[in-house]
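Trainee: This is the structure I want to talk about, given as structure tokens.
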Amino acid sequence: MTIITNKTVLLTGASRGLGVHIAHALAKEQATIIGISRSKPGLNKTRDEVKALGGQFIGFTFDITNVEHLSGLVQHINNTVSPVDILINNTGVEIYQSFANYSLKDLQSVLTTNLLAAMELTRLLLPSMLERGSGHIVNISSLAGKKGVPYNSIYSASKAGLIMWTDSLRQELVRTGINFSAICPGYISETGMTVDSGLPAPTLAGISTPQDVANSVIRAIKKNKAEVIINESAIAEFLTKVMFAIGQITPQFVDAVYRWIAVAKLNQMRAENFANNQYKRA
Ligand SMILES: NC(=O)c1ccc[n+]([C@@H]2O[C@H](COP(=O)([O-])OP(=O)(O)OC[C@H]3O[C@@H](n4cnc5c(N)ncnc54)[C@H](OP(=O)(O)O)[C@@H]3O)[C@@H](O)[C@H]2O)c1
């Protein structure tokens, strides 16, 4: 079992949404948290909340799409804080749109934020972890990475990429002391992307809380879980896994389930809202 207490954790996307809840959970474990995002006020708010919980939080404002400058950031963290023990790649963006209407900028923005930046940060942190023979990389993916969703196809591709890349690295670096986890939340209440879309999640799809996600991240690190599916209840999680297993044999069966529970319809409405600027865009 991995102990998180006194470990240095680099958490991206720490200024709002699920990242804040993950920071709270890490603070309760007495980790030192290094938070990254573009918003200084957001990071300061998380820092104050973490401090109130008795934890330590150092915020760095940084736009993670500047991938070529991530090496400078990592060097700065090494020099001013300490080498990173645990990396949580949590930053994510989504753009609801029919695929033909995406711009090249949209493709680059989603793929760089969600996938390339996570890869580059990991690439930069791995040598030090390998030298020390310990470390954990947690990639926050999504159920949208297990089954493609219409009108959010780049996001789905980026999240599927995170899952397969995590799967590859776990095998490549087996017995090095470095562990890898992919976390796959479904719809989430209270804060974050589901809420920001302004449209309720389909009733039959199941909805979890941000605390469920934060607890799953802590459990994944402590128990070295390869992949975690998060849905409303243990039964919903089991049924979701069975559905994805069936989808490996007949993908169209899950297409029909998604149409039936209205995932496709919801995303079409989100795309319309996005086009009309009603979607709270990051
Ligand atoms: N909430 C859900 O329903 C849900 C479900 C499944 C998976 N997820 C995944 O969970 C993760 C967190 O989602 P969330 O709902 O918390 O999203 P969110 O509320 O939109 O927060 C996203 C975080 O990422 C940061 N960020 C975005 N672009 C950035 C950039 N270029 N550079 C640095 N930081 C950037 C944001 O901070 P700044 O804007 O201050 O930079 C913010 O802290 C994402 O990977 C998402 O895909 C969420």
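Taken together, the values in this text are just the output of simple stated rules run on the coordinates, not laboratory data. Since we're looking at a predicted model, the values are computed, not measured. Here the Cβ is made from the backbone with ideal geometry for all residues, glycine too, and neighbour counts use every protein chain on show.
Trainee: Pick from Gly161, Gly148, Gly198: which residue has the top mean-square fluctuation in a GNM of the chain where Cα pairs under 10 Å get a spring?
Mentor: Highest fluctuation of the listed residues: Gly198.
Trainee: Treating the angle as unsigned and between 0 and 90°, give the value, to the nearest 10°, between the Cα long axis of helix 117-132 and the longest Cα principal axis of the chain.
Mentor: Approximately 40 degrees, to the nearest ten.
Trainee: Roughly how big is the chain's charge dipole about its Cα centre, with Cβ charges of +1 (Lys, Arg) and -1 (Asp, Glu), in debye to the nearest 20?
Mentor: 220
Trainee: Now, a different point. On C-alpha positions alone, give me the angle between the axis of helix 153-172 and the longest principal axis of the chain, in degrees, nearest 10.
Mentor: Here the helix axis deviates by roughly 50 degrees.
Trainee: Long-range amide H contacts for Arg38: which residues qualify at under 5 Å (H placed 1.01 Å from N, peptide plane, sequence gap of 5 or more or a different chain)?
Mentor: Result for Arg38 returns Phe62.
Trainee: Something else: Rounded to a whole number, what is D in µm²/s for the range 144-233 from Stokes-Einstein with the Kirkwood radius over alpha-carbon pairs (10 °C, 1.306 mPa s)?
Mentor: 111
Trainee: May I ask you to list the residues of the range 152-170 whose amide nitrogen lies under 12 Å from a point 7 Å from Cα along the Cα→beta-carbon direction of Leu199?
Mentor: Under cut-off, by backbone N: 152.
Trainee: While we're looking at this one, here's another question. To the nearest 500 deg cm²/dmol, what mean residue ellipticity at 222 nm is calculated for the chain from DSSP H runs of n ≥ 4 alone, each contributing -39,500 (n - 2.57), summed and divided by the residues?
Mentor: -15000 deg cm²/dmol
Trainee: Oh, and also: Considering only Cα-Cα distances, which of the following residue pairs are longer than 22 Å: Lys159/Lys225; Lys7/Lys40; Lys45/Lys146?
Mentor: On the way: Lys159/Lys225 18 Å; Lys7/Lys40 24 Å; Lys45/Lys146 33 Å.
As for pairs spanning more than 22 Å Cα to Cα, those are Lys7/Lys40; Lys45/Lys146.
Trainee: Nearest 10 degrees, 0 to 90: what angle lies between the long axis of helix 210-223 and the longest principal axis of the chain (Cα atoms)?
Mentor: For 210-223 against the chain, the angle is about 50 degrees.
Trainee: Among 111-118, 61-68, how do they line up by average Cβ neighbours within 10 Å per residue, starting with the highest?
Mentor: Details: 111-118: 22.0, 61-68: 15.4.
Highest mean packing first, the order is 111-118, 61-68.
Trainee: Chymotrypsin sites (Phe, Trp or Tyr not before Pro), restricted to the range 208-282: which are DSSP loop and have at most 16 other Cβ atoms within 10 Å?
Mentor: none
Trainee: Oh, and also: So if we plug the beta-carbon distance of Met1 and Asn101 into 1/(1 + (r/R0)^6) with R0 = 45 Å, what FRET efficiency do we get, rounded to 0.05?
Mentor: Efficiency computed from Cβ-Cβ geometry: 0.40.
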